[in-house]
Amino acid sequence: MSLAVCADVGSTYTKAAVVDLDGGRLVGAAAAPTTVGTDVLHGLDAAVGAATAGLAGGDLPWYVCSSAGGGLRLAVVGYEPLVTAQAGRRVGLSAGANVVHVAAGRLGRADLAALRAARPDVVLLVGGTDGGDADTLTHNATRLARARWRVPVVLAGNVDVRGELGAVLSAAGVPVTAADNVLPRIGVLTPGPARAAIREVFLRHVIGGKKLSRGGRFARLVRAATPDAVLTGVEVLADALGGDLAVVDVGGATTDVYSVLTPDERDSGPGQEVAGTLWRARTVEGDLGMRWSAPGVVRAAVEERLLVVGEADDLAAAAAVRAADPGFLPVDDADRAVERRIAGLAATVALRRHARGAATGERAGRDLRDVQVMVGSGGVLRHAAPADAAGVLAAVLGDHAGGWPLPRAARAVVDVDYVLAAGGLLAADHPGAAAALLRRHLAG
C-alpha cells in the first residue's frame, strides 16, 4: 500500500489519520491533546505515532492543517460595506479565516486604530471593480504604507492600480501579496485567487509567527488552515455526489457551516447579488460552541425561541460550567443529555443564520432545499452514540420554525472518522484518493 499521514492540529486535540492512497481507505487513526503550552509538535508526533503504530511503510508523507493558536485572523478593508467589503468578507471565510474586522471606505486615524486593535494576522485589501473606482483603494494602500504597517496584506482589488499599489506597499516594508480582483465586476465574485493568496500568506507568515513550535519543522509541515482544508474536502465530496451538500461542524469555540450549491439562474438577472454569489461558502458563528462559547448558545436559543418553558436557567448554568472549564468531560447520562441539547441548539441556530443569509451577507440567503447530504462534524457528534448524533441532525433537518426552506430530501451522516479534513488535504496531490475516501465514509 502507498500510505500518507493526514493530521489536523486543532485548538484542543490533534487528530491524525493514515490513508491508503491506492484505495482511498482509512487504515489508521488516533488523537492526542494539542500541546500548545509547550510545543505543538509533541502532540502532533504523539497522534501520528499512535495512528501509524504497527503499519509498515517507512517514512510516510505528512499532510497537516492547523487551527491551533486561534487559527487565521483576517481583517477586510473594502471600498464600501455592501459590495466590495462584503465580497471580501465572504472570500475570507472561504479561505478558512476568522474574519475579526471589516472596514469600508477611506481609512482615517480612528479606522486605523480599530484595525490595529483587531489584531489581524492578515489584511485583505479590496476595492473597486476592474476599471472602476481606484481612489479609495489607492488611499487605503497608501495609508497603510505611511503607517508603517507590518501585518501581511493581500491586495485583491481594482487591477488597474494593483501593480502600482503593490510597489507602494512593498517599498514601505509592508509584506504584500497581489491577487486577482475578488469582484472584477458587479455581481461576479471570484474567490479562488485571493483564497490561494491568503493560504500562501498563512503558510509563509502566520504559522511561524504564532510561536507554536520551536524551530521550523511545524511551519514546513502545515499546508492549510483547518477550515480551508475542510472546505476543500466538502467541495470534493460535493463534486463526487454531483449535487448540493451542507456540513455543520460544532466545535468548542465556534460552529462552522459549509455549503456547496449548484449554480443556476439565480446567478444572473435583476435579482442577482451585487457582491456576487459564493456557491461554495463557509460561515463561522463565534458565539456558538460546546465549551468557550456555550453561554452564547443559550442566549442565541432564547432569542430564537428554541427553549421550552423553564429550561433556560438550568441550561445556562450548565453552559457556564463548560465555559469555565473547557476540558470538561461528561461523566453520566445527565451530562451527556446536556451535551446533546447544546449541540443541537448550536447546530440549529448556525444553520438558520447560514441559510437566512445573516452570516453570509446574502440578501436572499442560501437556498439549501436541494441539499442531498447533511454532514455533522465535531467531537460532540463523533463521540456520541450513533442514535444520539442522528437525533442532533434530525433536529436541524426538522427545524420548520426556522424561517428558511428545509432540504427536501437530505440524508444525515456524521463524519465519525474525521475524513473531511483529510480529503481536503489530499485533494491537490491525490484527487482520486481524496474522492474515494470521502465517498466511502460519507456518501453511503
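For the stretch 40-98 versus the stretch 219-263, the spacing of their alpha-carbon centroids is 11 Å.
Ala68 sits among other residues whose Cβ lies under 10 Å from its own Cβ, and their net charge, with Lys and Arg +1 and Asp and Glu -1, is 0. For the chain, which whole-number percentage of the solvent-accessible area (1.4 Å probe, protein heavy atoms only) is attributable to carbon and sulfur atoms? That share works out to 53 percent.
With the cut-off at under 11 Å, measuring from each backbone N in the stretch 19-52 to a point 7 Å along the Cα-to-Cβ line of Arg440 picks out 19-28. At a probe radius of 1.4 angstrom, the accessible area of the stretch 23-178 per residue rounds to 39 square angstrom.
Placing dummy labels 7 Å off each Cα toward the beta-carbon, the span from Asp239 to Ala387 is 4.0 nm. The distance between label points at Met1 and Ala337 comes to 4.2 nm (points 7 Å beyond Cα on the Cα→Cβ vector).
Largest GNM mean-square fluctuation across Ala433, Ala412, Ala114, computed for the chain with C-alpha springs under 10 Å, falls on Ala114. What separates the Cα centres of the stretch 109-143 and the stretch 380-428 is a distance of 38 Å. Dividing the mean sequence gap of close Cα pairs (under 8 Å, 6+ apart) by how many residues the stretch 5-141 holds gives a relative contact order of 20 percent.
In percent, what relative contact order does the chain have, based on Cα pairs under 8 Å that are 6 or more apart in sequence? Can you show the working numbers first?
Values: 987 pairs, mean separation 66.5, N = 444.
15 percent.
Of the options Ser94, Ala113, Leu55, report the single residue whose Cα projects farthest towards the positive end of the charge dipole of the stretch 48-134 (beta-carbon charges: Lys, Arg +1; Asp, Glu -1). The Cα lying farthest towards the positive end belongs to Ala113.
Electrostatic bookkeeping for Leu155 treats Lys and Arg as +1 and Asp and Glu as -1; over the other residues with beta carbon under 12 Å from its beta carbon, the sum is -1. A crude spin-label estimate for the pair Ala312 and Ala147, with each label 7 Å from Cα along the Cβ direction, gives 4.0 nm.
Taking percent of Cα pairs over 41 Å apart as the quantity of interest, determine which of (i) 15; (ii) 18; (iii) 11 was computed from the displayed structure. Given (i) 15; (ii) 18; (iii) 11, the calculated one carries the label (i).
Give me the 1.4 Å probe accessible area per residue for the stretch 332-423, excluding ligands and nucleic acids, in Å².
Working: 3550 Å² over 92 residues.
For the stretch 332-423, the per-residue accessible area is 39 Å².
Rounded to the nearest 500, the helix-only mean residue ellipticity at 222 nm of the chain stands at -11500 deg cm²/dmol, with each DSSP H run of n ≥ 4 adding -39,500 (n - 2.57). Normalised by the number of residues in the stretch 35-105, the average gap of Cα pairs under 8 Å and 6 or more apart makes the relative contact order 28 percent. Counting only protein chain heavy atoms and rolling a 1.4 Å probe, the accessible areas of Ser259, Ser2 rank, largest first, as Ser2, Ser259. Note down the net charge around Val100, summing +1 for each Lys or Arg and -1 for each Asp or Glu among other residues with Cβ under 12 Å from its Cβ. With Lys, Arg at +1 and Asp, Glu at -1, the neighbours total +3.
The values are calculated or read from the model by the stated rules, or taken from the named source; none is laboratory data. The structure presented is a predicted model; accordingly, all values stated were derived computationally and were not measured. With ideal geometry, Cβ positions are generated from the backbone for all residues, glycine too; neighbour counts draw on all protein chains shown. Accessible surface areas use protein heavy atoms only, side chains included; no ligands, DNA or RNA. Shrake-Rupley method; radii C 1.70, N 1.55, O 1.52, S 1.80 Å.
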